[in-house]
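Undergrad: Let me begin by handing over the structure; questions about it come next.
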Amino acid sequence: MPRFADLNTTWFALIGLLWAGYFFLEGFDFGVAIVTPLVAADETDRRICLNSVGPVWDGNEVWLLTAGGATFAAFPLWYARLFSGFYLALFLVLLALIARGVSFEFRGKFDTPRWRRTWDWANFAGSLVPAIVWGAAFTDLVHGVPLAPDGRYYGGLIGLLHPVALAGGLASLALFAFHGSVFLSLKTSGDLRARARRAASTWGIAATVLVGTSVAWVALAGRPATPGGISGTLPLVLGVLASVAVAAACVVVWSGRDGWAFISTGLAILLAMAAVFARMFPEVLPASNRAANGITIGAAASQHNTLVVMTIVAAIFVPFVLAYTAWTYWVFRQRLTRPPAAGTSAGANAAAPAKGIAPAPGSA
Amino acid sequence: MQLLLARWEFATVTVFHFFFVPLTIGLGFVVAVMQTLAYRRHDASWDRLSRYFGRLFLIEIAVGVVTGIVLEFQFGLNWSAYSVFVGNIFGAPLAIEALLAFFMESTFIGLWIFGRDRLSPRLHLATIWMVSLGTILSAFFILAANSWMQHPVGYKVVAGQAVLTSFWAVLGNPMLWGSFTHTVFGAFATAGALVLGISIWRAMREDDNSEHRSSFLQAGRFAAIFTFVSTLFVGMSGDVQGRLMEVYQPMKMAAAEALYKTSSGAPFSLLTIGNLKQKPVVQIRVPHLLSLIATLSWNGQVQGINNIQAAEAAKHGPGSYVPVIPLTYWSFRAMVGAGVLMILLSGWGVWLCRRKQLNRLVGNRWFRRAALWGMVLPFIANTTGWVFTEAGRQPWIVYGLMKTAKGVSSVPTADIALTLAAFVLVYVVLGGIDAWLLVRAARLDLDHADHGDETAEGSETASLVY
């Protein structure tokens, strides 16, 4: 019977927090890249979109590496079974992250439209794929996947793509696109901001529907709760709250408060991840076929010594990381505006195609 | 088959990643030093150089970062049995590396790129030093993990898992301190050789007595000294590593020389033509050198492969405990050979520009050629060095505790083949683009204005760097 306050449970929660932080932060990076083709009217707009996450995307991605490393250290069996089981899914994400990672640095290094389009596409696809795969994978985790008695998953990539997981993948796509649109409307100005807000309204509705559907579907399709687990109501309540936060974000977007809208979409992501981890507890890899095949926190956890070392290191260094991360966001807090150089020639340029590409933007 | 493919995949993604790692560690430090000189001396020349080499650094760090993400998950993907066995110990340095090093590197690189006009010069200088510190810390923790595979310490095996008994023992592993010094100075030497080659190449092409030419000569002199000092440290730490190897991994030491019979006053062969095991056709040897490397004494005894094999088989059961000898033998020679050439090349450069006669760096035709070709040397040394370290540990994945064959995941062979093929393809393309961009960036004018510089004037307008 797992205790709530022991180190195993603490690390389970911390890893949940790392994933939640990752999706909160890289969620808007993904979203910005996904909505850029919809909201950017010209090259300057595309550069503004790219630069809105430019100083921070790399640091945001480290949350993933830290989650991976912490899982390896604190729950070796989880790390081993999850990533060798979800093999091709993880591989797709890795390829996507390679493509989008280099696109930031490579795009501006050669000045032809074709070169820039190539890397715009790499950034778009490299953000779209993980936005879907991560949602599908975590839906698989809460829903449970068929596991062999040794806790191995043999279902391949196809086995991960059942309907409820696909719904979860689309939900995360919509939620990240919403989160990213809201971030863009927070960071930009003028016509681009108006278009970002329009995109946010559309994605907001999609996200509300899809997140709500996924929560309901997972709850209804539910595997039986594992003995010692949190009763089915807490994860469900968290899931419902996440859906409510998405819906609330839609309303706030309409009322025009970008900051509050961003807090709401971020809160929705955090609540959704809280629901995921509460639903998995006390397992790290729940089985859909036979509860006993699942891997529990206790079975996966490292020994006490490792967890003590990790806890001390985290207690000392996490505050520093949070402090300089916060400082970075403070340094780059300004909205991005069209540079004066681009304003004269490309400004007129921007007004004309804007009508053609995006439905005429209302003035902000 | 799974094992073979998994090993090829790991070799591919690691070797490719490690083209970029030494460049990031080394160039990060070099750029930080250049920017410091520019700041302290209000020197426009160092400022130009720090921006110029900073551009090269950013291209390399981009590829280094994305290929590093793959490695964080490679253990779980293909080596899950290994991951379960070592996670208690091996996972901790990886997690700490992410928390201490990757966050620092990635956050401050963003501040450095975008903060040039937003932070005070002093604070902006501090950000590049934080990036450099991050890359060096990262090397420390990943080498802590690797050194544990070479020489496991601070553990006991409980129920099929190695569990941690002392984290200080893991951090105090003598192999770690040897390889950390070797790797970091190797990275400095890598960047140094690159900066030297590029500076000479550019200085040749600038007009005589132009400001840019003197800037590049200044960088060339700096690089020659920096490379020379770094390679000396690489040599000294390598020397220490040789003796540690004889104590902790005698088989690897014997495999480095293809020494089958235990010998006193063992020679070191520079070159062998013919069979390494039986009587070679031609062999050039330096008497007593292997004994000196391994034991620091003229007639010291170096254990031979045959004896060690017998001892290992008696200890761990029947089977071969001998690595692939031609691979270890030749990779060791390529590493040491490239390293020695780097010492000679950079020493030559230091000697040429003595008393600040910088023009002599480009005045000597042979040195110009050597400096250009010398840019290849660190990559040969880095790659063959790691091939030797890892191949020489075989058949073990954790020396003396777990064999490589036991560490692999139970993943369909087709999946590993697919991912291996995809990684090879993607990395070939990525490597080609990187090299092309690097050459383009190296050709740019020393006063080239980046994106962002032109929009920096109005402080209310955030600069668009990308």
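Undergrad: Output the residues belonging to the stretch B:82-91 that are out of contact with any strand residue (DSSP E or B) (no Cβ under 7 Å at 6 or more places or on another chain) and at the interface with chain A (Cβ under 7 Å from one of its Cβ atoms). Don't jump to the end; show me each part of the working.
TA: Here is the first cut: in the stretch B:82-91, the residues out of contact with any strand residue (DSSP E or B) (no Cβ under 7 Å at 6 or more places or on another chain) are B:83, B:87, B:90-91.
B:S83, B:G87, B:G91 - these are the residues of the stretch B:82-91 that are out of contact with any strand residue (DSSP E or B) (no Cβ under 7 Å at 6 or more places or on another chain) and at the interface with chain A (Cβ under 7 Å from one of its Cβ atoms).
Undergrad: Please find, among B:I200, B:I128, B:I109, the residue that is in a helix (DSSP H, G or I), surrounded by 24 or more Cβ atoms within 10 Å (Cβ to Cβ) and within 11 Å of another protein chain (Cβ to nearest Cβ).
TA: B:I109
Undergrad: Test B:V65 against the criterion of being within 14 Å of chain A (Cβ to nearest Cβ) and among the β-branched types (V, I, T), and give yes or no.
TA: Values: within 14 Å of chain A (Cβ to nearest Cβ): yes; among the β-branched types (V, I, T): yes.
Yes: the conditions hold for B:V65.
Undergrad: Also, I was wondering about something else. If the requirement is being part of a loop (DSSP other than H, G, I, E, B), out of contact with any strand residue (DSSP E or B) (no Cβ under 6 Å at 6 or more places or on another chain) and either of a type in the set (V, I, T) or modelled with pLDDT of 90 or more (or both), which of these qualifies: A:T337, A:T311?
TA: Working: A:T311 fails: part of a loop (DSSP other than H, G, I, E, B).
When all the criteria are applied, what remains is A:T337.
Undergrad: Quick one: which of A:L97, A:L65 is touching a Pro at 6+ places or on another chain (Cβ under 8 Å), buried (at least 21 other Cβ atoms within 10 Å of the Cβ), in a helix (DSSP H, G or I) and free of Cβ contacts under 8 Å to residues at least 40 places away in the same chain? Steps first, answer last, please.
TA: Values: A:L65 fails: touching a Pro at 6+ places or on another chain (Cβ under 8 Å).
Testing whether each residue is touching a Pro at 6+ places or on another chain (Cβ under 8 Å), buried (at least 21 other Cβ atoms within 10 Å of the Cβ), in a helix (DSSP H, G or I) and free of Cβ contacts under 8 Å to residues at least 40 places away in the same chain leaves just A:L97.
Undergrad: Which of the residues spanning the stretch B:369-395 are more than 22 Å from the chain's Cα centre (by Cα) and either of a type outside the set (D, E, K, R) or not in a helix (DSSP H, G or I) (or both)? Before you say what the answer is, go through the steps one by one.
TA: Let us first name the residues in the stretch B:369-395 that are more than 22 Å from the chain's Cα centre (by Cα), namely B:369, B:395.
Selection gives B:P395 alone.
Undergrad: What tally of residues in the stretch B:39-62 results from selecting those that are in a helix (DSSP H, G or I) and more than 10 Å from chain A (Cβ to nearest Cβ)?
TA: Initially, the stretch B:39-62 is screened for residues in a helix (DSSP H, G or I), giving B:39-41, B:44-62.
Cutting the leftovers down to more than 10 Å from chain A (Cβ to nearest Cβ) gives us B:39-41, B:44-54, B:56-57.
Residues meeting the conditions: 16.
Undergrad: Filter the stretch A:287-303 down to residues that are touching a helix residue (DSSP H, G or I) at 6+ places or on another chain (Cβ under 7 Å) and in contact (Cβ under 8 Å) with a residue 12 or more places away in the chain, then give me how many there are.
TA: First pass over the stretch A:287-303, keeping only residues touching a helix residue (DSSP H, G or I) at 6+ places or on another chain (Cβ under 7 Å): A:287-288, A:295, A:297-303.
Okay, now just the ones that are also in contact (Cβ under 8 Å) with a residue 12 or more places away in the chain, so A:287-288, A:295, A:297-302.
The number of residues fulfilling the criteria is 9.
Undergrad: Further question on the same structure: Check off (1) more than 14 Å from A:I34 (Cβ to Cβ); (2) surrounded by fewer than 24 Cβ atoms within 10 Å (Cβ to Cβ) for A:T202 and give me the number that stays unchecked.
TA: Looking at each condition in turn, A:T202 falls short on (1).
Undergrad: For the stretch B:144-201, which positions are under 21 Å from B:F20 (Cα atoms) and in contact with a strand residue (DSSP E or B) (Cβ under 6 Å, 6 or more places away or on another chain)?
TA: Within the stretch B:144-201, no residue meets the criteria.
Undergrad: On to the next question. On the basis of being surrounded by fewer than 24 Cβ atoms within 10 Å (Cβ to Cβ) and of a type in the set (A, V, I, L, M), does B:V31 make the cut?
TA: Numbers: surrounded by fewer than 24 Cβ atoms within 10 Å (Cβ to Cβ): no; of a type in the set (A, V, I, L, M): yes.
No; evaluated as a whole, the condition is false for this residue.
Undergrad: Between B:A405, B:A441, B:A422, which is more than 10 Å from chain A (Cβ to nearest Cβ), assigned to a helix (DSSP H, G or I) and either on the phi < 0 side of the Ramachandran plot or modelled with pLDDT of 90 or more (or both)? I'd like the intermediate steps shown before the answer.
TA: Values: B:A441 fails: more than 10 Å from chain A (Cβ to nearest Cβ); B:A422 fails: more than 10 Å from chain A (Cβ to nearest Cβ).
Exactly one of B:A405, B:A441, B:A422 is more than 10 Å from chain A (Cβ to nearest Cβ), assigned to a helix (DSSP H, G or I) and either on the phi < 0 side of the Ramachandran plot or modelled with pLDDT of 90 or more (or both), namely B:A405.
The values are calculated or read from the model by the stated rules, or taken from the named source; none is laboratory data. Note that the structure is a prediction, hence the values are computed from the model and not measured. Here the Cβ is made from the backbone with ideal geometry for all residues, glycine too, and neighbour counts use every protein chain on show.
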